[in-house]
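One structure is given below, encoded as structure tokens.
The values are calculated or read from the model by the stated rules, or taken from the named source; none is laboratory data. All of these numbers come straight from a predicted model, not from anything done at the bench. So basically every Cβ, Gly included, is an ideal-geometry build from the backbone, and we count neighbours across all protein chains shown.
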Amino acid sequence: MTRYFVSVVVAAALGTGYVLWSRPAFPHAQTTTTVQFDREIVHVLDNHCVMCHAEKGLAFPLTTYEQAYASRWQMRMEALDRHMAPWAAVPGYGDFANSNALTQREIDFVVSWAESFGPRNNGEVSTGVADTPTAPPAVQAHFDSGRWVLGKPDLLLPMSANTIEAQRAGEIKSTLIDPKLTADRWLRGLEYKPGDRRVVHAVSFAIRETGQWIGSWSPWQGFVSLPPGLAVKLPAGSHIVAEIRYYGCKEPVVERGSVGLYFAERPSLRRVSSLVLDAKAAAPASAVTRKLSATTQLEGDLNILSLEPLIRPGLESVEVTAKGPDGATQVLLFAQDIPLDWPTPYVFSRPVSLRKGTELSVIEHYARETSAPIAATPVTFSVYAGAALVSEQPKVQQTPAVQRFELSGTVKSVDAEAGRLLVQHGDIPGLMGAMTMSYRVGKQVDLKKIAPGDQIQSDVVVSDTGTFLENIQVIRRAK
Ligand code: HEC
């Protein structure tokens, strides 16, 4: 009872400090809410906040009832303004796997909970006996920073240490990781664990030798994972460069993280590569214009896995659109009020498949008061070319006109004139069992590049006009 009483007094005292308190909008609010900390609010904090707001985290802790209660008016404001959790993509454009935005329902929970004096629960444990040994432990938000979301890594690599001065403003440190590979490997995933979560804001990973961007880490998305069937080639002897964006905390810190690599057993079914669109000002730099843009026309079918804009001071919005050959325009990303401190990739929940001839454009707006000249501002796309992968095609009930399956096997003979391959292959799930069979190949396939004894991976396309092989990749050459 005492606890509840104290809460009300504190709320009233705090409340007078807030302008919003005087708004007559919620005179009855405290009696109408059913939102409780132990139920709804803990879920919001678990899912969106405590990866940063924790002891030894990037920001003040918001894990216990008392902490959240004391911050509830700021939580309400931050949620309404969509400042917290940091996520700049405007809802309704693009569907992102790594979005940390609160849903409208979650915003409603936070607002209504704050406006109703932040109840803990129905009153079961707020009787002042909560500290006795028999009482159930208080409900708290929780973040498990030690868990490997992708499972036990195939290769766990400690990174070299960086020293970050106290209170240091944002700085990027480049760290080289040597996986000491003696053979080519196919990277399907990567997970990173900062050594000290107080100072790491973002990390971008790339392969030094090929320049290939692998993906990025942010506090709410600790891993990069490619869709099934896709992997990035990590050549023997290659290195991974981690660009770590640090902000100093109260005291100097020696930070030493580690990275876990996850390998695919088979080579990637498609080549994953990066595409960079460098947005430039149309008019000379002296002009008042603060709009930058870039456009490219796709020379073949392309699938976009993710994209990441470079964030510069003054950047206000980024818009990425695709205008199809039929003239229909699709907005892939519209980001506004982009926080400088939280660079993030936008990872599509399902790769965006674009047809040949599509115009892919980036438009960026900078604040007029930005004094520094604005150089080209790139957006990096992670893509794969060709038809969308089998696993990414939408599931339809009826048998579609064209079906795709995955084959892997050994070429027995090549008949270039007839455009046919005799292949001994394993199971083709959904189509047929293991056998040796002659296949027609698609028009684009160059049979001169394939020899008997080669091990291949390929799509089997089954359509009204018959069955043929497409996207053939030689995994291992005949000796
Ligand atoms: C990516 C990290 C991150 C996430 C996720 C995040 N925050 Fe924050 N938040 C911060 C940082 C950093 C600050 C500034 C902290 C400071 O000044 O100590 C901050 C500040 C705040 C503030 C204080 C704002 C003010 O008035 O000064 C509130 C309230 C807040 N966050 C609530 C939330 C809530 C609620 C969530 C989840 C819905 C959330 N945050 C998610 C990093 C994060």
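Select from segment 332-359 the residues that are outside any loop (DSSP other than H, G, I, E, B) and among the hydroxyl-bearing types (Ser, Thr, Tyr) and write down the one among them that is nearest to Ile304 (Cα to Cα). Steps first, please.
Narrowing segment 332-359 to residues outside any loop (DSSP other than H, G, I, E, B): 332-336, 346-354, 359.
So of that shortlist, the ones also among the hydroxyl-bearing types (Ser, Thr, Tyr) come out as 346, 349, 353.
Values: Tyr346: 11, Ser349: 11, Ser353: 6 Å.
Looking at residues that are outside any loop (DSSP other than H, G, I, E, B) and among the hydroxyl-bearing types (Ser, Thr, Tyr), I get Ser353.
Being surrounded by 18 or more Cβ atoms within 10 Å (Cβ to Cβ) and within 16 Å of the ligand (Cβ to nearest atom): is that true of Ser216 here? Against the criterion (surrounded by 18 or more Cβ atoms within 10 Å (Cβ to Cβ) and within 16 Å of the ligand (Cβ to nearest atom)), Ser216 qualifies.
Need at least 1 residues that are at pLDDT 95 or above per element, so show me which strands (runs of 3 or more DSSP E) inside segment 138-198 make the cut, counting only ones lying wholly within it. Can you show your working first?
Numbers: elements: 155-158, 162-164, 171-177, 185-193.
Filter on segment 138-198 gives 155-158, 171-177, 185-193.
Right, Trp21: surrounded by fewer than 19 Cβ atoms within 10 Å (Cβ to Cβ), assigned to a helix (DSSP H, G or I) and modelled with pLDDT of 90 or more or not? Taking the combined requirement at face value, the residue does not satisfy it.
Kindly evaluate Ser408 against the criterion of being modelled with pLDDT of 90 or more, under 16 Å from Arg476 (Cβ atoms) and either assigned to a strand (DSSP E or B) or in contact with a strand residue (DSSP E or B) (Cβ under 9 Å, 6 or more places away or on another chain) (or both).
Here the answer is yes, as Ser408 does meet what is asked.
When residues in segment 199-225 are screened for being assigned to a strand (DSSP E or B), among the aromatic types (Phe, Trp, Tyr) and within 11 Å of the chain's Cα centre (by Cα), 2 of them pass. Hey, does segment 41-54 have a residue that's within 23 Å of Val139 (Cα to Cα), of a type in the set (Asp, Glu), touching a residue at least 24 places away in the same chain (Cβ under 8 Å) and touching a helix residue (DSSP H, G or I) at 6+ places or on another chain (Cβ under 9 Å)? No: zero hits. The residues of segment 184-213 that are away from the ligand (no atom under 14 Å from the Cβ) and of a type in the set (Val, Ile, Thr), listed by number, are Ile207, Thr210. Would you mind stating whether Tyr93 is modelled with pLDDT of 90 or more, more than 10 Å from the ligand (Cβ to nearest atom) and not small (Gly, Ala, Ser)? So Tyr93 fails the test. Quick check: anything in segment 462-477 exposed (fewer than 12 other Cβ atoms within 10 Å of the Cβ) and over 24 Å from Ala385 (Cβ atoms)? The answer is yes; a qualifying residue exists.
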